[in-house]
Every structure is written in structure tokens, then in C-alpha cells.
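Data first, discussion second: the structure below is written as C-alpha cells.
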Amino acid sequence: MKKRSREEKIEFLRSLGLADLHRHFDGAVRPETLWGLSEKYYAAIPGLDFEEFRAKLTYDSANDRTLLDYLDKFHIPLQYTQFYDNIQTIAAEIAEDAYAEGIRTLELRINPTIHRRAGLSTRQILSAVRKGMREVMQRHGDFRAGIVAIAMRSHGGNMARILLREIVGELDRFHNDLGVVGFDIAGPERPFPPIL
């Protein structure tokens with residue numbers, strides 16, 4: 001039996017039609033997209049070139065030793081993901097990147113409450129994500145994607161309940177096929193035990 005090269009193994013895995021059930025919206029944004037948005041809104045990041053900016057978004061095992069170090073990377077995209085069009089574009093790019101990796105079933109995780117600073121509602125945020133993913137599903141008939149809405153432990157049980165009510169309590173009337181397929185409570189457990 002012939003031994004496969006690394007490239008052949010990767011190509012074989014891509015041919016299987018993989019499922020990614022745990023991709024985070026804020027952690028999967030293309031650095032190039034964020035850099036472009038930073039130039040659009042802020043004339044780039046003062047004192048940083050693109051490679052330094054990319055390094056701030058990328059996990060580094062030498063320096064990022066805890067879950068909180070890793071989660072800090074998720075805060076950087078937030079200043080750019082407060083607007084409907086940006087959310088839609090980023091969701092489409094995430095779905096397209098997943099498809100290019102051989103993923104045919106994607107669950108994209110997002111916490112709508114942290115994308116409300118510019119006045120978007122939960123419905124608008126989820127609609128933007130769904131619209132972006134739907135673009136990719138229309139281009140690729142063998143690709144399916146859904147949204148897992150996230151409540152953060154650090155925001156407290158009341159915020160989680162409010163978000164859950166927005167998503168589940170009014171599902172048929174409120175969401176109109178926004179593609180929410182799950183709900184998760186995320187974040188560090190140590191200071192925030194899993195109590196709803």
C-alpha cells in the first residue's frame with residue numbers, strides 16, 4: 001500500500017464532507033477583513049502593521065497559556081462586528097472558508113448580545129449571520145449551516161434567560177427561519193458555575 005503525502009491526506013479528508021459543530025464567529029474572522037475594516041473606520045490601527053495586527057488575533061502557544069488568554073483574541077473583532085453589513089460579510093466569509101476546508105455542515109456560534117453596541121437587535125444580528133451563510137449555501141448546494149446562539153457565563157443568568165427567551169420563546173413568530181439550531185452557555189466556568 002502506497003503511503004499518502006500530507007497533501008493527499010488533506011485532500012482525502014476534504015472529500016469526506018466534514019462537519020464543524022463548534023466554529024466561533026468572533027474567532028474565525030479573516031485577519032485581512034478586519035484589517036480592511038480597521039482602515040475603513042479608523043485609518044488602520046495606529047502603530048501596527050498588518051503582521052503585528054494578525055499576531056494579536058492569532059493564538060500563540062508560547063504566550064497564550066490560559067483559556068482567558070485565548071478568549072482575549074475574540075475581543076479584537078468586536079469593534080468591527082457591530083454593523084449589519086459587516087456581520088453579513090464576515091458570516092459569508094466564514095462559511096466560504098469552511099466550505100473550502102471541506103466542511104459541508106457548519107454550526108456557527110455567536111453571542112448576539114455582544115454585537116449590539118451600534119443598536120442592532122438580536123433578530124437583526126442573527127438575520128445578518130443567516131443571510132451571509134445563505135449566500136454560500138446558495139452557491140454550494142451540498143453545504144448546510146446553522147447558528148448556535150451563545151450566552152456568556154460572565155453576563156449572568158438573567159442575561160442568558162433573556163437571550164434564551166428571545167430565541168426560543170418567540171421562535172416561530174420572531175425569527176422567521178433565521179437558522180438558529182442550538183443554544184449554548186459559554187465562557188470560563190471557574191468564576192461562573194454552570195447555573196442558569
Longest segment of the chain with no GluC sites (Glu not before Pro) in a DSSP loop having at most 16 other Cβ atoms within 10 Å? 1-100
What percentages, rounded to whole numbers, describe P(r) for the chain computed over all alpha carbon pairs with 10 Å bin width beginning at zero? 8, 31, 35, 20, 5, 1
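When the helix-only estimate is applied to the chain (DSSP H runs of n ≥ 4, each -39,500 (n - 2.57), divided by the residue count), what is the mean residue ellipticity at 222 nm, nearest 500 deg cm²/dmol?
Working: 7 runs with 79 residues, N = 196.
-12500 deg cm²/dmol, from helical runs alone.
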Compute the Cα gyration tensor for segment 30-80, then decide on rounded, prolate or oblate, letting a ≥ b ≥ c be the square roots of its eigenvalues: rounded whenever a/c is under 1.5, prolate when a/b is larger than b/c in the other cases, and oblate in all that remain. prolate
Exposure proxy check on S5, S154: fewest-to-most Cβ neighbours within 10 Å is S5, S154
On the formula 1/(1 + (r/R0)^6), with r taken between the Cβ atoms of M159 and E51 and R0 of 41 Å, the FRET efficiency rounded to 0.05 is 0.65
At 7 Å along Cα-to-Cβ for each site, give me the label-to-label distance between F183 and Y41 in nm. 2.8 nm
For segment 130-143, what does the Karplus curve 6.51 cos²θ - 1.76 cosθ + 1.60, with θ = phi - 60°, yield as ³J(HN,Hα) per residue in whole Hz, taken in order and with x for Gly and Pro? 4, 4, x, 5, 5, 4, 6, 5, 6, 6, 10, x, 9, 10
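Please give the contour-minus-distance gain from R144 to E32: 0.36 nm per residue of separation, less the Cα-Cα distance, rounded to one decimal in nm. Each step should come with its number before you reach the end.
Working: separation 112, 0.36 × 112 = 40.32 nm, distance 2.51 nm.
Taking R144 through E32 to full extension adds about 37.8 nm, to one decimal.
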Hey, got a sec? Which chymotrypsin sites (Phe, Trp or Tyr not before Pro) in segment 1-80 land in a DSSP loop and have at most 12 other Cβ atoms within 10 Å? Y59
Residue-span extension gain [K9 to K73] - 0.36 nm each, minus C-alpha spacing: 20.0 nm
How large are Rg and Dmax for segment 27-137 when only the alpha carbon atoms are used, in Å? 14.4, 40
Within straight-line cross-link reach of K73, lysines at Cα separation under 17 Å, skipping those fewer than 8 residues along the same chain: K56
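If we count trypsin sites (Lys or Arg not before Pro) as exposed when they sit in a DSSP loop and have at most 12 other beta carbons within 10 Å, what is the longest stretch of the chain that avoids them all? Don't skip to the answer; put the middle values down first.
Details: sites that count: K2, K3, R4, R65, R117.
Maximal segment without exposed cleavage sites: 118-196.
Throughout, read-outs are computed from the coordinates displayed, never taken from laboratory work. A quick note: this is a predicted structure, and the numbers were derived from the prediction, not measured. Note that each Cβ is placed from the backbone with ideal geometry, even for glycine, and that neighbours are counted across all protein chains shown.
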